[in-house]
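Working notes, structure below.
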Amino acid sequence: MNIYKELKDRHQKEMDAFPLGAAFSGDQFAEMMQKWGLTVDDTDKICSIGGGCFIRKSDKEAFFNMLKRFKDETDAAIAADETGDGFIYDMFYYELANHEYCITYEYDETFDALGLTEEQVVADKRLLHGLKKAEKNYLKNCDW
């Protein structure tokens, strides 16, 4: 059981349930707006969150509060892992695998996914321990 993945999955389920729209064409934009009970001319009632995704302005505060809570929950789980053998290990193991570390041998995408820098990891003994342990076990178990 990977406690990082459990948290990530819970966050994803909540994100999937949030009234978020995506549009990459005029037809998709019209469909998204209609789904929200708006017309294509009601652009003053929506805002872009990047990547072709939109939310209603009325949901903006709730959306950003949700994102902040996700970050706070992740930060709290990292802080609670006193050794790096629990949540931190699971976090690095999952993201190393997710970003095919066994092929690239690069930490960049893993750190980016976690919002960490190399300097932060090196400066925190727990993070560094969790990373090295995850790397070793991931490579040992990696199916080439």
Selection status of Thr110, open to solvent by less than 50 Å² (accessible area, probe 1.4 Å), among the hydroxyl-bearing types (Ser, Thr, Tyr) and over 30 Å from Trp36 (Cβ atoms) | yes
With the first residue restricted to the range 60-84 and required to be at positive phi, and the second required to be part of a helix (DSSP H, G or I) and exposed (fewer than 12 other Cβ atoms within 10 Å of the Cβ), Cβ contacts under 8 Å at 6 or more apart or on different chains are Gly84/Lys125
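The values are calculated or read from the model by the stated rules, or taken from the named source; none is laboratory data. The model shown is predicted, which means the values in this text are computed figures rather than measured ones. Virtual Cβ from ideal backbone geometry, glycine too; neighbours counted across all protein chains shown. The protein model used for the area step is the full one, side chains on, heavy atoms only, and it has no ligands, DNA or RNA in it. Shrake-Rupley method; radii C 1.70, N 1.55, O 1.52, S 1.80 Å.
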